[in-house]
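The values are calculated or read from the model by the stated rules, or taken from the named source; none is laboratory data. Just so you know, these numbers come straight off a predicted model, no measurement behind them. Reconstructed Cβ throughout: ideal geometry from the backbone, glycine too, with neighbour counts over all protein chains shown. We work out accessible area using only protein heavy atoms, side chains counted, and drop any ligands, DNA or RNA first. Shrake-Rupley method; radii C 1.70, N 1.55, O 1.52, S 1.80 Å.
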Amino acid sequence: MLDISISKKEFGSKIIFENTTITIQENGIYGIVGKNGEGKTTLFKCMLSLTPFEGKISFKSELLKSQKIAWCPTEPALYEELTAAEFYDFYRELTSSTSNNSKMLFDVTENQLIKNFSTGMKKKAYLNAVFQNEYPIYILDEPFNGLDLESNYILVQYLKEKSKSSIILISSHILEILYANCESIFVIKNKNIVNYQKDNFQKIEEKLFQ
């Protein structure tokens, strides 16, 4: 279904990935973990065609197009002079969404300027905007950062439902959440990626920190 093949990705003289592959055959939640600087965000940018690389990424045997991907970066960029409601409208226009979904995942004051929001409220507003439309692939880079305990629970339950019909890729330093909810976890280390199934999750930390 989703096939990622990166023969080489480098920045200047530094090689980030070399002869790296990921294959995902079914919908579900999949974790992406690695120490800082190993290439988690770079992998996502390759998928989104935001950075050049040598290789090919395909979805259902066709070249993957960024329009098929919902993307939430670690620190989402919002137009802070807009209200939340105006930002939702802007995001729909930006992504050419035809969704009329008026029910948002998180309760956010829609008539307040985003610049007055806390970090967590900004993350909620961005996630609300992303989830207005349906996508076959969702990429969430550290989505739990800035959210409180209840909001993390709400997000996880929502993603579990979404994963029945979509591929969800989550990068997170909170390994316990990934262990509890992922079909498998891809560990990035030393320019390569290793896939761990549920029965081998206990080996991930040894791989990361050995």
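Of note:
- Residue 105 being of a type in the set (A, V, I, L, M) and open to solvent by less than 70 Å² (accessible area, probe 1.4 Å): yes
- When each of 16, 57 is tested for being open to solvent by less than 50 Å² (accessible area, probe 1.4 Å), touching a residue at least 60 places away in the same chain (Cβ under 8 Å) and of a type in the set (Val, Ile, Thr), the lone residue that passes is 16.
- Check on residue 26, open to solvent by 60 Å² or more (accessible area, probe 1.4 Å), out of contact with any Cys (no Cβ under 8 Å at 6 or more places or on another chain), not in a loop (DSSP other than H, G, I, E, B) and not small (Gly, Ala, Ser): no
- Cross-chain or 6+ apart pairs with Cβ under 9 Å, the range 146-174 first and without any contact (Cβ under 8 Å) to a residue 40 or more places away in the chain, then of a type in the set (D, E, K, R) and crowded, with 19+ Cβ neighbours inside 10 Å: 146/122; 146/123; 146/124; 147/123; 147/124
- Applying a threshold of 9 Å to beta carbon distances and a minimum spacing of six or more residues, or different chains, the list of pairs starting in the range 67-82 at a residue that is closer than 20 Å to residue 109 by Cβ and of a type in the set (D, E, K, R) and ending at one that is open to solvent by less than 80 Å² (accessible area, probe 1.4 Å) and in a loop (DSSP other than H, G, I, E, B) reads 80/117.
- Residues considered: 32, 69. Of these, the only one that is in contact with a Ser or Thr (Cβ under 7 Å, 6 or more places away or on another chain) and under 20 Å from residue 162 (Cβ atoms) is 32.
- From the options 8, 56, 14, 35, residue that is over 16 Å from the mean Cα position of the chain (by Cα) and under 27 Å from residue 119 (Cα atoms): 35
- Of all the residues in the range 29-46, those that are in a helix (DSSP H, G or I) and of a type in the set (D, E, K, R) number 2.
- 2 or more residues in contact with a helix residue (DSSP H, G or I) (Cβ under 7 Å, 6 or more places away or on another chain) and buried (at least 18 other Cβ atoms within 10 Å of the Cβ): qualifying strands (runs of 3 or more DSSP E) within the range 159-210: 167-171, 184-189
- Taken together, the criteria exclude residue 122 from residues that are at pLDDT below 95 and of a type in the set (Lys, Arg).
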